[in-house]
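Just so you know, all these numbers are worked out from the coordinates, no wet-lab data involved. If you're wondering where the values come from, they're calculated on a predicted model, not measured in any experiment. Using ideal geometry, Cβ is built from the backbone for each residue, glycine included, and neighbour counts are taken over all protein chains shown.
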Amino acid sequence: MVGVTSTPTRSGRRKGGHGRGDSGTRVAIVAAARRQFAESGYDGTSLRSIAAEAGVTSPLIVHFFGSKANLLIETIGWPFDPGTVIPQVAAPGRRGVGERMARVFADTWDAPSSREVMLGLLRAATEDPHSAALLREFLVHEIFTPLAVAMRSDQPQLRGALAAGHLLGLAMARYVLAIEPLASMTAEQVVAVAGPTLQRMLTGTLPVS
């Protein structure tokens, strides 16, 4: 899974000294994290609270996953690591950031290896409130708000929400509902259409303050 620490894992130990294999420990941690992220949000969830529910220690979570952000990525199953991709999108500066972000998503959606993952996440979010909350927290905290902050834009949370909504709506129309001619467009055509809108949302003047 992208974003998970590559440090070799040791056998996990639950509080109270009961031995537990790596697989079972990871499953318990991810299950606790998924529930807490969905119910309390990213900011309202701590590694300590996840550890308490999973019956492990906070250092063990860091040992397995590296950070709370990586743990969120693990619970979502996102096909790329935003900690690597977002700095790459932001590095050239404000000009063209909308097009670069649109290309990341179009290329990810169109790759057979990641399309089914993305479709599964989107469908789950439309059917299950917990899945919707997880996806929302992930998109806001790990992708779009950090990108708006990197652009030094005002109202980064609003801009992040607008950009996320635009791309999710586009994905629903193109890949789930298959609305033509959008469904038949190439990735480059989608980038050409979506890029300017994302640019305005991320860096342009907003009508609300």
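Please compute the length gained on full extension between Ile179 and Ala52, using 0.36 nm multiplied by the number of residues separating them and subtracting their Cα-Cα distance. Let's see the in-between values first.
Values: separation 127, 0.36 × 127 = 45.72 nm, distance 4.61 nm.
Full extension of this stretch gives 41.1 nm more.
Evaluate the charge dipole of the range 82-203 about its Cα centre and quote only its size in Debye, nearest 20, assuming +1 on the Cβ of each Lys and Arg and -1 on the Cβ of each Asp and Glu. Each step should come with its number before you reach the end.
Working: 11 positive and 11 negative charges, 92 e Å.
For this selection, approximately 440 debye.
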**Request:** Using Cα centres only, tell me the gap between the range 78-124 and the range 163-209 in whole Å.
**Result:** 12 Å
**Prompt:** Stokes-Einstein at 10 °C, 1.306 mPa s, Kirkwood radius from Cα pairs: D for the range 82-203 in µm² s⁻¹?
**Reply:** 109 µm²/s
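Where does the chain land at 222 nm, in deg cm²/dmol rounded to the nearest 500, when only DSSP H runs of n ≥ 4 count, each adding -39500 (n - 2.57), divided by all residues? Display every interim value, and only then the final one.
Details: 11 runs with 132 residues, N = 209.
The per-residue figure over the chain is -19500 deg cm²/dmol.
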**Hypothetical label at Val208: residues of the range 149-172 whose amide nitrogen lies under 13 Å (7 Å Cα-Cβ projection)** = 155-163, 165
**Request:** Report the extension gain between Ser23 and Arg200 in nm, rounded to one decimal, defined as 0.36 nm multiplied by the number of residues separating them, less their alpha carbon distance.
**Result:** 59.3 nm
**Message:** For q values of 0.12, 0.15, 0.22, 0.30 Å⁻¹, compute log₁₀ I(q)/I(0) with the Debye formula on a Cα-only model of the range 22-76, without solvent.
**Reply:** -0.19, -0.31, -0.70, -1.41
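Tell me, in nm to one decimal, what length is gained between Arg95 and Arg35 on full extension, where the rule is 0.36 nm per residue of separation less the Cα-Cα distance?
Values: separation 60, 0.36 × 60 = 21.60 nm, distance 3.86 nm.
Gain on extension, Arg95 to Arg35, equals 17.7 nm.
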**Item:** Per residue convex hull volume, Cα atoms of the chain, in Å³
**Value:** 127 Å³
